[in-house]
Amino acid sequence: MKVLSSGTYKGVRSYNADIIGLLDDMYYVCDGSTAVFDDNKFFDTGDLLEYMRLLNKNIKNESDIKSDLKKAIRLSNQYLVGMEKYHEYELPTYTIAVVKDLGVMIEYYILCDTLISILYKDGHVENIQDRRIDSVKDFCRAKRREILANTNLSEDERMKLLLENEQVTRMKANAEDGFPVGSTKEDSIDLGFIGIIDKSKVDRILICSDGYYDSEDVMPSTVEDFELSYVENRVQEILSHDKRDDMTYILLEV
């Protein structure tokens, strides 16, 4: 497979919590979830930022996708001294999408709200998503709109309620009544979806974080959505927005 275009860009936060992997025959996009609890338990520079850097350093193409990701978590966790004192949701969480070239076949893996979009040679498009977070995300967004619309709140009260809303949502990470997401626990990787597709039938593949295609966007559906010029123009259009998330994408030609 050939990388036609790729990039990772910071949103409105102080740093980019997305990471990108362009390994030999293995490609991934990982989106770190914004820290809503104490983010300096282990690193002065921020636990989420440093954990994403550790994962990016430790993800290698050595075995099957799940084994590679679990090993990266295990190696990265060595730097979180005393992590057992904290709940899973208090530590870094992330979404991830991976594509691996197996020669005749292509293996894919997805966990939480990233996107793998496949353009087949016959012209049809398959969007592979993990939508299990949608109901939780929708509830959080509705509550956020309610808080923002309340004119009786002081600015301090509003900010406190907005943070609490995010914290309540994060507490549902990998809970029975919540949503599956990547975390510092190796077994979180078992919650993702994995599949195999025939490489000979595939034309192009787009892997991206929700900064490129959010769950509320219209998903790729035509050949034009995979054209290099369209993808790069879309990137520039998103970067022109004052309010935007971190954005990461990889466009592959098979």
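The values are calculated or read from the model by the stated rules, or taken from the named source; none is laboratory data. In this text, all values refer to a predicted model and were calculated from it rather than measured experimentally. Don't worry about glycine lacking a Cβ; one is built from the backbone with ideal geometry, like all the others, and counts go over all protein chains shown. Just so you know, the surface numbers come from the protein's heavy atoms only, side chains and all, with ligands and any DNA or RNA stripped out. Shrake-Rupley method; radii C 1.70, N 1.55, O 1.52, S 1.80 Å.
Please identify the helices of the chain, taking whole runs of DSSP H, that span at least 15 Å along their own axis as judged from the Cα atoms and have a mean Kyte-Doolittle score of -1.0 or higher.
Flagged H segments are 47-58, 65-77, 134-149, 228-239.
Among Leu239, Leu23, Leu115, the residue with the largest mean-square fluctuation in a Gaussian network model of the chain, with springs joining Cα atoms closer than 10 Å, is Leu23.
Considering only Asn61, Asn40, Asn16, the mean-square fluctuation computed in a Gaussian network model of the chain, springs between alpha carbons under 10 angstrom, is largest for Asn40. Sequentially through the stretch 198-212, phi angles give Karplus couplings (6.51, -1.76, 1.60; θ = phi - 60°) of 6, 4, 5, 9, 9, 9, 9, 9, 10, 10, 7, 7, 6, x, 9 Hz, Gly and Pro residues having no value and appearing as x.
Give the accessible surface of the stretch 105-231 per residue, rounded to a whole number of Å², with probe radius 1.4 Å and ligands, DNA and RNA excluded.
On the way: 6390 Å² over 127 residues.
Using a 1.4 Å probe on heavy atoms only, each residue of the stretch 105-231 averages 50 Å².
Shape summary of the stretch 76-132, radius of gyration then Dmax from alpha carbon positions: 16.8, 53 Å. The separation of the stretch 130-167 from the stretch 189-237, counted between C-alpha centres, amounts to 29 Å. Across the stretch 133-254, the volume of the C-alpha convex hull divided among the residues equals 153 Å³ per residue. Here, P(r) means the percent of Cα pairs in each 5 Å bin from 0 to the largest distance; for the chain it is 1, 6, 13, 17, 19, 17, 13, 8, 4, 2, 1, 0, 0.
Can you give the Rg/Rh ratio of the stretch 40-142, where Rg is from the C-alpha atoms and Rh is the Kirkwood radius? Could you put the intermediate results ahead of the total?
Numbers: Rg = 16.8 Å, Rh = 16.1 Å.
Ratio of gyration radius to Kirkwood radius for the stretch 40-142: 1.04.
Each residue, Ala149 and Leu23, gets one label point 7 Å from its Cα in the Cβ direction; the gap between the two is 4.6 nm. Summing charges over neighbours of Thr184, with a neighbour being any other residue whose Cβ is under 15 Å away from its Cβ, gives -2 when K and R count +1 and D and E count -1.
Counting Lys and Arg as +1 and Asp and Glu as -1 over every other residue whose Cβ lies under 9 Å from the Cβ of Thr114, the net charge comes to -4. Label positions at Glu237 and Asp198, each projected 7 Å from the Cα along the C-beta direction, are separated by 3.4 nm.
Between Thr34 and Lys85, what is 0.36 nm times their sequence separation minus the Cα-Cα distance? Round to one decimal in nm. Mind showing how you got there, number by number?
Values: separation 51, 0.36 × 51 = 18.36 nm, distance 2.06 nm.
Extending this stretch completely gives an extra 16.3 nm.
For the stretch 132-197, the normalised intensity computed at q = 0.11, 0.14, 0.21, 0.26 Å⁻¹ comes to -0.37, -0.54, -0.87, -1.09 (log10 of I(q)/I(0), Debye sum over alpha carbons, equal scatterers, no solvent). In order along the stretch 78-94, the phi-based Karplus estimate (6.51 cos²θ - 1.76 cosθ + 1.60, θ = phi - 60°) of 3J(HN,Hα) comes to 4, 8, 9, 5, x, 4, 5, 6, 10, 5, 4, 6, 7, 9, x, 10, 6 Hz; Gly and Pro are listed as x. With 0.36 nm allotted per residue and the present C-alpha distance subtracted, the Asn56-Val104 stretch has 14.6 nm of extension available. Heavy-atom accessible area, probed at 1.4 angstrom with all protein chains present, ranks Met159, Met1 as Met159, Met1, highest first.
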